[in-house]
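The values are calculated or read from the model by the stated rules, or taken from the named source; none is laboratory data. Here the structure is a predicted model, which is why all the values come from computation and not from measurement. Cβ placement follows ideal geometry from the backbone for every residue including glycine, while neighbour counts extend to all protein chains displayed. These area figures cover heavy atoms from the full protein model, side chains too; ligands, DNA and RNA do not enter into them. Shrake-Rupley method; radii C 1.70, N 1.55, O 1.52, S 1.80 Å.
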Amino acid sequence: MIKKVLVANRGEIAVRIIRSCREMGLKSVAVYSDADRSSMHVRYADEAWRLGPAPSTESYLNIDKIIQVAKESKADAIHPGYGFLSENTEFANRIREAGLIFIGPSAEAITAMGDKMTAREMMKKAGVPIVPGTDQLPESEDEIKALARKIGYPVMLKASAGGGGKGMRLVKTEKELLPSLLRARSEARNAFGNEAVYMEKYLLEPHHIEFQIMADNHGNVVHLFERECSVQRRHQKVIEETPSPFITEEIRAAMAEQAIAAAKSVNYSGAGTVEFLVDKDRNFYFLEMNTRLQVEHPITERVTGIDLVKAQIKVASGEVLAFKQEDIAQRGHAIEARIYAEDPANNFIPSPGLIRHITQPLGLGVRTDGYAYEGYEIPVYYDPLISKLIVWAPTRAEAIKRMKRALYEYKITGVKTNIPFVQRIMEAEAFVKGNYNTHFIDDNLEQLLQPETENTQYEDIAMIMAYLDFQNRQHKRMDFGQKAGNQSNWKNFGRLFRHNPY
Ligand code: ADP
């Protein structure tokens with residue numbers, strides 16, 4: 001029985017996991033680095049323990065320290081979230097060796113799926129279609145060239161240990177092949193400590209469509225339908241939606257079947273995602289399996305009504321899945337936008353710093369999974385994700401309108417954000433029509449980077465004017481009205497303002 005969960009992560013995902021723990025009546029333990037002392041997850045958990053200095057190698061990646069904290073705090077399970085140690089075999093093993101529960105799949109499943117070349121081999125054996133390509137590359141340069149010719153240009157060189165959209169190289173002609181291979185190997189060595197690289201056919205106009213899987217330790221494996229994740233920048237997802245506007249009922253059923261076969265082939269347990277690339281003729285190929293909770297899991301929760309974190313915790317405690325395949329349906333349409341502290345106009349450079357003001361969108365069909373608050377300083381050390389904005393509506397068209405409305409309400413000052421950029425995506429013809437692939441952002445970049453409309457600029461000015469007026473009035477009241485006692489007017493003002501943002 002799990003009674004207390006340590007969340008080995010930070011930011012929005014730590015908060016999101018603790019929320020489910022709270023609803024289940026479980027105690028939560030947050031861990032933090034020095035840069036995260038005042039982070040929301042630290043405030044929100046039942047307990048918070050320091051891991052170490054800001055760099056993740058000394059804090060969120062410090063396996064010894066995390067296990068030590070789990071023991072001292074008497075937690076009986078560890079949830080890894082996503083990123084950091086979530087797909088680290090050693091972490092999963094060490095947790096289990098310490099007599100604790102790792103909320104995730106077996107170390108064997110993580111290992112098999114963590115290496116792209118191994119995963120491809122296993123899928124081939126399981127009869128799951130994979131992107132045409134090679135396993136291990138041959139030694140001789142001539143043989144490598146011959147292989148590329150056989151696959152057909154353009155090809156992609158991929159680091160077997162790669163992830164997070166990194167470690168990929170597009171090769172368009174034979175002339176580029178060997179120099180690219182040299183660079184790919186050295187990049188892979190530096191970034192992932194493993195220089196193994198393989199070759200894949202580069203699919204034209206592909207879609208990235210993935211299936212959410214949930215499995216227990218009693219042989220039950222179900223899927224929770226797909227997520228369309230083709231709005232990407234540099235191979236990283238920006239917007240996700242479900243259902244996919246691209247696939248048909250038949251393709252959906254065929255992909256679901258293969259996703260379940262993929263999970264079964266590694267005796268999968270817990271929440272996982274089987275990613276596919278789908279070409280323009282709707283042929284689909286296994287890309288990789290992520291053996292953890294994904295950033296974009298909330299859209300699946302929204303259309304299926306299933307809390308994936310609770311399901312993960314129950315499976316980890318040995319329970320049988322509470323739902324069967326026939327109980328799971330996709331209701332309505334959900335879209336998620338990743339809201340980053342970044343400057344799209346300046347090559348999307350991260351924009352960490354102090355959040356001076358934040359108004360989160362609310363209202364029917366809106367969910368924000370975030371962790372920022374007014375006065376919070378987004379640290380420079382980690383991913384600059386501020387929140388995930390998730391909307392739901394009965395139809396896709398209504399969901400887009402709702403997302404636009406929510407983005408309109410979303411006000412953040414102090415740091416630059418990609419909110420206007422996401423708003424432009426919601427207005428782009430190809431997106432509105434549901435007629436887009438992974439090249440969408442590159443193909444429409446100029447339009448997506450258009451500055452905000454005059455109206456919104458005026459709106460900002462109006463907000464500043466209202467703020468100044470408010471400030472003026474508050475100040476007068478405190479100066480000439482009741483005595484402020486021994487507290488400074490600035491402090492009083494800060495308190496008042498926090499509750500009255502406008
Ligand atoms: P990572 O593990 O780094 O996320 P993936 O293998 O999942 O890498 O690929 C990330 C993205 O890169 C895909 O969603 C797709 O947009 C692009 N991509 C990967 N492989 C191919 C390919 N063979 N052809 C075309 N695009 C690809």
For segment 386-435, list the helices (runs of 4 or more DSSP H) that sit wholly inside it and hold at least 3 residues that are touching a residue at least 60 places away in the same chain (Cβ under 8 Å); which are they? 396-409, 419-427
If the Cβ limit is 9 Å and pairs must be 6+ apart or interchain, which residue in segment 163-177 that is open to solvent by less than 50 Å² (accessible area, probe 1.4 Å) pairs with which residue that is among the basic types (Lys, Arg)? Gly163/Lys116; Gly165/Arg233; Gly165/Arg234; Gly165/Lys237; Gly167/Lys158; Leu177/Lys145
Residue in segment 228-241 that is more than 23 Å from Arg19 (Cβ to Cβ) and more than 16 Å from the ligand (Cβ to nearest atom) present: no
Only one residue in Thr111, Thr134 is at pLDDT 95 or above and either away from the ligand (no atom under 15 Å from the Cβ) or among the polar types (S, T, N, Q) (or both). Which one? Thr111
Only one residue in Ala48, Ala30, Ala92, Ala75 is at pLDDT 95 or above and part of a helix (DSSP H, G or I), so which one is that? Ala92
